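What follows is a single structure, written as structure tokens, with notes after it.
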Amino acid sequence: MKKTVKTILGILLFVVIGTSVYSQDKTMFDLHNYVKFDKASKPTEMKIEVTSDQCYLELSVNCRLTDGDLKIEIYDEKGKKQASFSTGGEVENKIAKSDSDIKIESQKTVSGRLAKENVSIGTWAVRIIPNNATGDLTLQYRQRNSKEN
């Protein structure tokens, strides 16, 4: 009987300790936004809501251009510019043969990443400023909060 009680108490202790280790609050958001643009596209702004105080925030931008230029600006919740980058110059498109309608399209790919710790709750902004650009852009946003950090 004592052995059974000790076994049951041991199992309960294991369950309680195991549950407390695995039940610590952790949240993580991973969102993707996709934007396609052409030469007539106007500047646009994407809003990102940071919902946890003192969290880790990561923004990744990937763009592919077949024409033109693109500038990306990232602003924090206070409106202060945190990052800025440009695809830098035109993409050349070449004709394969002058008597043919075949066109070889060059493609430029550009990536950028911003990672910040201890970010406060608020709205961040990512400004996309195309200059006669044709292509697409993917914005990936991650927010991670853990009480054990």
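Pairs Lys47/Lys108; Lys80/Lys116; Lys47/Lys81; Lys36/Lys108: which are spaced more than 23 Å apart, C-alpha to C-alpha? Walk me through the intermediate numbers first.
On the way: Lys47/Lys108 26 Å; Lys80/Lys116 14 Å; Lys47/Lys81 14 Å; Lys36/Lys108 15 Å.
Distance filter (> 23 Å) returns Lys47/Lys108.
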note = Calc'd 3J(HN,Hα), the range 63-79, phi into Karplus 6.51 cos²θ - 1.76 cosθ + 1.60 (θ = phi - 60°), Hz, glycine/Pro = x, comes to 9, 10, 10, 10, 6, x, 9, 9, 10, 10, 10, 10, 10, 7, 5, 9, x
note = Given Cβ charges of +1 for Lys and Arg and -1 for Asp and Glu, the option among Ser52, Leu65, Tyr34 whose Cα lies farthest towards the positive end of the dipole of the range 28-81 is Leu65
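Using the Cβ atoms and a cut-off under 10 Å, what net charge is assigned to the surroundings of Ile121, where Lys and Arg are +1 and Asp and Glu are -1? Present the calculation step by step, with values, prior to reporting the outcome.
Working: positive: none; negative: Glu49, Asp53, Glu77.
Net charge in that neighbourhood comes out at -3.
A short reminder: the numbers here are calculations on the coordinates, not readings from a lab. This one's a predicted model, so the numbers in the text were calculated from it and none came from an experiment. FYI the Cβ positions are ideal-geometry reconstructions off the backbone, even for glycines, and counts take in every protein chain you see.
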